């Protein structure tokens with residue numbers, strides 16, 4: 001197809017005319033876009049400062065600020081294309097269909113997202129708390145939107161999906177200020193029970209980290225086929241718990257050796273059930 005100079009001139013004139021007629025919309029649309037991005041940035045900073053001053057949880061602050069940021073950006077984008085003269089109703093319908101398709105394909109992720117929101121809002125645990133959940137024990141190092149990161153006692157990092165975490169049982173060992181150690185010491189049937197209990201009681205009283213209130217408990221727990229099991233339950237502050245746990249076992253063993261009392265081994269199955277140290281390792 002050959003174009004003569006007159007046709008080229010007509011096309012150029014038409015293009016220039018359309019550009020001149022459309023330029024006010026184009027210029028105003030881009031002014032709205034750039035001004036809106038700047039204002040959104042200011043609003044986001046302002047909201048973050050307010051939430052920080054109110055001592056909100058850092059994870060909740062970051063999450064709410066990000067949600068607000070993307071909501072404002074979507075509103076700005078719709079305003080931008082509307083100013084350009086593009087019909088927004090069809091765009092919103094397409095956006096809704098895309099959202100439905102993405103939602104159906106990411107059901108698991110949405111479940112984790114909802115679980116993360118529940119954890120952030122209701123706070124069953126916080127960063128630096130020691131918890132037991134989904135069969136693992138660790139210290140919470142980070143609460144993300146989709147997963148929670150734990151660090152175990154042997155420095156392994158575990159990521160737990162928030163969906164299963166929020167729907168399962170959670171034991172928070174850091175929520176209360178004090179904690180009770182549940183120990184079991186087995187002695188033979190030839191041992192005087194009262195003498196053994198007196199020795200254990202003396203060991204507990206000599207440990208300054210063991211709390212006087214609530215009082216420690218020393219009692220017969222069970223009579224097995226091979227041993228008398230004595231329950232030893234001292235209370236300690238959370239930060240002293242594992243030191244009290246280890247010291248009580250060591251000092252009781254030393255005191256029994258000095259008194260000539262032999263600790264009777266009991267079944268391994270019972271040991272695992274009653275020894276939470278193995279569960280933490």
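Values quoted throughout were computed directly from the atomic coordinates according to the rules given, and no laboratory measurement underlies them. The structure presented is a predicted model; accordingly, all values stated were derived computationally and were not measured. Every residue, glycine among them, receives a Cβ derived from its backbone with ideal geometry; neighbour counts consider all protein chains shown.
General remarks:
- If you take the Cα centroid of the stretch 186-207 and the Cα centroid of the stretch 132-159, the two points sit 38 Å apart.
- Shape of the stretch 122-172, Cα gyration tensor, a/c cut at 1.5: rounded
- Cα gyration tensor shape for the stretch 178-280, rounded if a/c is under 1.5, else prolate or oblate: oblate
- Neighbour counts of C-beta atoms inside 10 Å place 183, 72 in the sequence 72, 183, starting with the fewest.
- Efficiency of FRET between residue 47 and residue 76 - r from beta-carbon atoms, R0 22 angstrom, step 0.05: 0.85
- Listed peptides 62-69, 23-30 by packing density, highest first (mean Cβ within 10 Å): 62-69, 23-30
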